[in-house]
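K.L.:
One structure coming up, written as structure tokens, with questions to follow.
The values are calculated or read from the model by the stated rules, or taken from the named source; none is laboratory data. Just so we're clear, the structure is a prediction, and the values are computed from it rather than from any experiment. Glycine gets a Cβ as well: all are built from the backbone with ideal geometry, and neighbour counts include every protein chain shown. To get the accessible areas, we keep the full protein, side chains included, count just its heavy atoms, and leave off ligands, DNA and RNA. Shrake-Rupley method; radii C 1.70, N 1.55, O 1.52, S 1.80 Å.
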Amino acid sequence: MCGIVGYTGTDPGLSALDVVLGGLRRLEYRGYDSAGVALQTPDGIVMLKRSGKLARLTEALEAEPLPAAVTGIGHTRWATHGGPTDDNAHPHVGTGGAVAVVHNGIIENFATLKAELQADGVDFASQTDTEVAAHLLAREYATTGDLSSAMCAVARRLEGAFTLLAVHGDVPHTLVAARRNSPLVVGLGEGANFLGSDVAAFIAHTRDAIELGQDQVVTITPHSVSITDFLGAPVQGKPFHVDWDASAAEKGGYPTFMAKEINEQPHAVADTLLGRTDVAGRLTLDELHMDEQVLREIDKIVVIACGTAAYAGQVAKYAIEHWCRIPVEVELAHEFRYRDPVVDQRTLVVAISQSGETMDTIMAVRHARELGARVIAVCNTHGSTIPRESDAALYTHAGPEVAVASTKAFLAQITACYVLGLYLAELRGTKSREQVGEVMAQLQAMPDKIAKVLQGLDQVRRMARWMADTRSVLFLGRHVGYPVAMEGALKLKELAYIHAEGFAAGELKHGPIALIEPGQPVFVIVPPPDEPHSLHGKVVSNIQEINARGARTIVIAEEGDDDVVPYASEVIRIPASPVLLSPLLAVVPLQVFACELASAKGLDVDQPRNLAKSVTVE
Ligand code: AGP
């Protein structure tokens, strides 16, 4: 959950400090409780680090300028071992201060290694696991005199999850890094090279990158990139081109990344559909690279994910079961591993993750593969761990999602899962090519409908502002509206720090209705009135039940649905759509409500308290 940046170049006019700080700014969403930089200069390593957000470090750098350098590393932290203090901020230096290290992940055997080093007389300046790696690297370098082999030796001793990035005072124009279970990509420049937790670290300088695999060490100079395994044997990285530019990672004129990303949702859905139909409009998933017979023979699908991604999986469950006629289970990744799941080679696991680095989901993917399952990753981040460790990947094309609370990735995940479900239905013969084509056409009409919802939300914004003091909000939905209700509640919790709960509307009378008292705000997601069974009528009855008890009913209903009007305090209209696709519309007012209410409370909607964009520890 930390941001890592490294740079080495030959242009004396391009300060390593500026490059590193620029990268850290774009990575700050990965963790923001402390930050630091280290530069390689003719006089050795110089370093500055501070607790608090990156702004505090830049203030300190203005007060205590570092000398010019063309090689350096930087880090923005999300504390795991040791609180967010100046001492615990990264980089950490080894004995003698000649080598500086930044780290993302958790070194699970650090206590043993720390005891070993302390027994050798090493003094520690911090409580972090990272400092152990710094001292080990200093000791290995003193033995081998070669930074790359020293990093290999250190990496072989570590257990857990780590991306380590190091610079040594005696080794100019060189950075060395090692990765296991934690993200690291190489940026390829002209007379310069970069390292980063993800491509945002160097997107302002290059869009050509290399993704690194598990248990690899990379050594970069301004003119070379060499990659080995932990034993020093050369291996090949996988080059890729980043399809979004630096400006996309900025706010684009919106007040917050959250607002920008909510408004990018029509493009996120449209782009996720792009390239997945052939000239005749037929669905094609060439990138899936999975044996069609294997897919024909699966007898169960298990979706594993966390948080918002899990709610996307729950929406997809209704659609995929309906289209493919095989059972779809949705499991929270952190529960999946420990419940002795029934999984075998006929199980298809779909791992949904925006970051591709959620450790709970990574570990669940590994467990599923050990049990013989095939795994397809639905992911938004190229070069990340989950797709790399899966049998196949179906990328969402939502572009960089910087705000910690997920919005456009949620819609893109649902869209990608719909496409996967339709592909499987056609492959298995439960849907004809024509039927699949019909649903794809309905899907391709959704971006315009999402845009229409976005244009009509002034009422939601007004409501959010005068509800800024509310202490509790409930969300009700049925069928695919149920995961939408839970996602709406999650958005309000994580953005506005308000207690919120999503319920299946049918569950209300089995207990939660006791929560209803006069004035209690309740959002109700109403299914399309014309869906085949009486779902709509039952939800209208639910609205009546809570309205009769004084609830403030805020109803999300299709244009023209007048049945809800007598029982609704507010009606938020969305365009008509097929019930299975309706979550792509119904969730948008809930996102905007949470964002606006949090803003009305003066809260940081892009970096809410206690959260990080990518939870890379279990
Ligand atoms: C979403 O608003 C949350 N920040 C969180 O639940 C997130 O969806 C979850 O941590 C999974 O992240 P991932 O999609 O990157 O795996």
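K.L.:
Quick one: how many residues across region 467-498 are closer than 27 Å to Glu321 by Cα, among the hydrophobic types (A, V, I, L, M, F, W, C) and either away from the ligand (no atom under 16 Å from the Cβ) or assigned to a loop (DSSP other than H, G, I, E, B) (or both)?
P.N.:
2
K.L.:
Scan region 22-39 and tell me whether some residue there is in contact with a strand residue (DSSP E or B) (Cβ under 7 Å, 6 or more places away or on another chain) and of a type in the set (S, T, N, Q).
P.N.:
Yes, that holds for at least one residue.
K.L.:
Follow-up question, since we're still on this one. Can you confirm whether Pro608 is under 22 Å from the mean Cα position of the chain (by Cα) and away from the ligand (no atom under 12 Å from the Cβ)? Steps first, please.
P.N.:
Numbers: under 22 Å from the mean Cα position of the chain (by Cα): yes; away from the ligand (no atom under 12 Å from the Cβ): no.
No, not satisfied.
K.L.:
What strands (runs of 3 or more DSSP E) lie completely within region 37-110 and have 2 or more residues being buried (at least 20 other Cβ atoms within 10 Å of the Cβ) and of a type in the set (A, V, I, L, M, F, W, C)?
P.N.:
Hits in region 37-110: 44-51, 99-107.
K.L.:
Right, something else. Could you check, for region 98-116, whether at least one of its residues is over 23 Å from Asp18 (Cβ atoms), small (Gly, Ala, Ser) and without any contact (Cβ under 8 Å) to a residue 40 or more places away in the chain?
P.N.:
Yes, that holds for at least one residue.
K.L.:
Continuing with this model, one more query. Take region 154-172 and flag every residue that is surrounded by fewer than 20 Cβ atoms within 10 Å (Cβ to Cβ) and in a helix (DSSP H, G or I).
P.N.:
Selection gives Arg156, Arg157.
K.L.:
Please enumerate the residues belonging to region 269-280 that are in contact (Cβ under 8 Å) with a residue 40 or more places away in the chain and either in contact with a strand residue (DSSP E or B) (Cβ under 8 Å, 6 or more places away or on another chain) or surrounded by 12 or more Cβ atoms within 10 Å (Cβ to Cβ) (or both). Show your work before the answer.
P.N.:
As a first pass, look at region 269-280 and keep what is in contact (Cβ under 8 Å) with a residue 40 or more places away in the chain: 269-274, 276-277.
If the condition is that a residue be in contact (Cβ under 8 Å) with a residue 40 or more places away in the chain and either in contact with a strand residue (DSSP E or B) (Cβ under 8 Å, 6 or more places away or on another chain) or surrounded by 12 or more Cβ atoms within 10 Å (Cβ to Cβ) (or both), then Val269, Ala270, Asp271, Thr272, Leu273, Arg276, Thr277 are the ones that fit.
K.L.:
Looking at region 198-208, can you tell me whether even one residue there is surrounded by fewer than 19 Cβ atoms within 10 Å (Cβ to Cβ) and part of a strand (DSSP E or B)?
P.N.:
Checked against the condition, which is being surrounded by fewer than 19 Cβ atoms within 10 Å (Cβ to Cβ) and part of a strand (DSSP E or B), region 198-208 yields at least one hit.
K.L.:
In region 397-414, how many are near the ligand (Cβ under 9 Å from one of its atoms) and either acidic (Asp, Glu) or part of a loop (DSSP other than H, G, I, E, B) (or both)?
P.N.:
Summing the residues that are near the ligand (Cβ under 9 Å from one of its atoms) and either acidic (Asp, Glu) or part of a loop (DSSP other than H, G, I, E, B) (or both) in region 397-414 gives 6.
K.L.:
Kindly list the number of the only condition in (1) more than 20 Å from Arg433 (Cα to Cα); (2) open to solvent by less than 50 Å² (accessible area, probe 1.4 Å); (3) under 23 Å from the mean Cα position of the chain (by Cα) that fails for Leu288.
P.N.:
Going through (1) more than 20 Å from Arg433 (Cα to Cα); (2) open to solvent by less than 50 Å² (accessible area, probe 1.4 Å); (3) under 23 Å from the mean Cα position of the chain (by Cα) one by one, Leu288 breaks only (1).
Rundown of residues vs (1) open to solvent by 20 Å² or more (accessible area, probe 1.4 Å); (2) modelled with pLDDT of 95 or more, yes/no style:
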residue	(1), (2)
Val522	no, yes
Thr553	no, yes
Val571	yes, yes
Leu585	no, yes
Leu590	no, yes
Leu603	yes, yes
Thr616	no, no
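K.L.:
Continuing with the same structure: Tell me yes or no: at least one residue of region 363-372 is assigned to a helix (DSSP H, G or I), free of Cβ contacts under 8 Å to residues at least 12 places away in the same chain and more than 14 Å from the ligand (Cβ to nearest atom).
P.N.:
Within region 363-372 (the criterion being assigned to a helix (DSSP H, G or I), free of Cβ contacts under 8 Å to residues at least 12 places away in the same chain and more than 14 Å from the ligand (Cβ to nearest atom)), the answer is yes, since at least one residue qualifies.
K.L.:
In addition: Within region 291-305, track down each residue that is open to solvent by 60 Å² or more (accessible area, probe 1.4 Å) and not acidic (Asp, Glu).
P.N.:
Answer for region 291-305, where residues must be open to solvent by 60 Å² or more (accessible area, probe 1.4 Å) and not acidic (Asp, Glu): Gln293, Arg296.
K.L.:
Within the set of pairs 6+ apart or on separate chains, which have a first residue in region 478-503 that is more than 16 Å from Ala409 (Cα to Cα) and among the basic types (Lys, Arg), a second that is open to solvent by less than 10 Å² (accessible area, probe 1.4 Å) and in a helix (DSSP H, G or I), and C-beta atoms under 6 Å apart?
P.N.:
Once the first residue is more than 16 Å from Ala409 (Cα to Cα) and among the basic types (Lys, Arg) and sits in region 478-503, its partners that are open to solvent by less than 10 Å² (accessible area, probe 1.4 Å) and in a helix (DSSP H, G or I) give Arg478/Ala505; Arg478/Val539.
K.L.:
Now a separate question. Do you know which residues across region 428-463 are assigned to a loop (DSSP other than H, G, I, E, B), over 27 Å from Glu297 (Cα atoms) and either small (Gly, Ala, Ser) or open to solvent by 40 Å² or more (accessible area, probe 1.4 Å) (or both)?
P.N.:
Keep residues of region 428-463 that are assigned to a loop (DSSP other than H, G, I, E, B), which gives 429-432, 445, 456-457.
Of the ones still in play, those that are also over 27 Å from Glu297 (Cα atoms) are 445, 456-457.
Result: Ala445, Gly456.
K.L.:
Something else about it: For a quick check of your reading of the model, give me the residue pairs whose first member lies in region 389-402 and is over 22 Å from Gly213 (Cβ atoms), whose second is charged (D, E, K, R) and open to solvent by 10 Å² or more (accessible area, probe 1.4 Å), with beta-carbon atoms closer than 6 Å and at least 6 apart or on different chains.
P.N.:
His397/Asp271
K.L.:
If a residue must be in contact with a strand residue (DSSP E or B) (Cβ under 8 Å, 6 or more places away or on another chain) and outside any loop (DSSP other than H, G, I, E, B), how many such residues does region 1-21 contain?
P.N.:
Matching residues across region 1-21 total 12.
K.L.:
If the Cβ limit is 8 Å and pairs must be 6+ apart or interchain, which residue in region 136-153 that is of a type in the set (Asp, Glu) pairs with which residue that is modelled with pLDDT of 95 or more?
P.N.:
Pairs found: Glu140/Ser149; Glu140/Ala150; Glu140/Met151; Glu140/Ala153; Glu140/Val154.
K.L.:
Would you please list the contacts, defined by Cβ atoms under 8 Å and residues six or more apart or on different chains, that run from a residue in region 217-246 that is outside any strand (DSSP E or B) to a residue that is at pLDDT 95 or above and basic (Lys, Arg)?
P.N.:
Correct list of pairs: Phe230/Arg156; Leu231/Arg156.
Okay, residues lined up against (1) modelled with pLDDT of 95 or more; (2) part of a helix (DSSP H, G or I); (3) within 19 Å of Glu596 (Cβ to Cβ); (4) away from the ligand (no atom under 16 Å from the Cβ):
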| position | (1), (2), (3), (4) |
| --- | --- |
| Ala416 | yes, yes, no, no |
| Leu422 | yes, yes, no, yes |
| Ala425 | yes, yes, no, yes |
| Arg465 | no, yes, yes, yes |
| Ala500 | yes, no, yes, no |
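K.L.:
For Ile450, only one of the following conditions fails: (1) within 15 Å of the ligand (Cβ to nearest atom); (2) touching a residue at least 40 places away in the same chain (Cβ under 8 Å); (3) in contact with a helix residue (DSSP H, G or I) (Cβ under 6 Å, 6 or more places away or on another chain); (4) of a type outside the set (D, E, K, R). What is its number?
P.N.:
Looking at each condition in turn, Ile450 falls short on (1).
K.L.:
Whether any residue in region 552-560 is under 25 Å from Lys53 (Cβ atoms), under 30 Å from the mean Cα position of the chain (by Cα) and among the aliphatic types (A, V, I, L, M) is what I want to check.
P.N.:
Keep residues of region 552-560 that are under 25 Å from Lys53 (Cβ atoms), which gives none.
No, region 552-560 contains no residue that is under 25 Å from Lys53 (Cβ atoms), under 30 Å from the mean Cα position of the chain (by Cα) and among the aliphatic types (A, V, I, L, M).
K.L.:
In this structure, is Thr361 of a type in the set (S, T, N, Q), open to solvent by less than 10 Å² (accessible area, probe 1.4 Å) and within 19 Å of Val199 (Cβ to Cβ)?
P.N.:
The answer is no for Thr361.
K.L.:
Restricting to region 386-396, and then to whatever is surrounded by 23 or more Cβ atoms within 10 Å (Cβ to Cβ) and hydroxyl-bearing (Ser, Thr, Tyr), can you tell me which residue is nearest to the ligand (Cβ to nearest atom)?
P.N.:
Thr396
K.L.:
When region 464-484 is examined, which residues are found to be surrounded by fewer than 22 Cβ atoms within 10 Å (Cβ to Cβ) and either among the acidic types (Asp, Glu) or under 15 Å from Ala576 (Cα atoms) (or both)?
P.N.:
If the condition is that a residue be surrounded by fewer than 22 Cβ atoms within 10 Å (Cβ to Cβ) and either among the acidic types (Asp, Glu) or under 15 Å from Ala576 (Cα atoms) (or both), then Asp469 is the only one that fits.
K.L.:
Would region 74-82 turn up any residue that is under 27 Å from Tyr141 (Cα atoms), touching a helix residue (DSSP H, G or I) at 6+ places or on another chain (Cβ under 6 Å) and either modelled with pLDDT under 95 or charged (D, E, K, R) (or both)?
P.N.:
Within region 74-82, one or more residues are under 27 Å from Tyr141 (Cα atoms), touching a helix residue (DSSP H, G or I) at 6+ places or on another chain (Cβ under 6 Å) and either modelled with pLDDT under 95 or charged (D, E, K, R) (or both).
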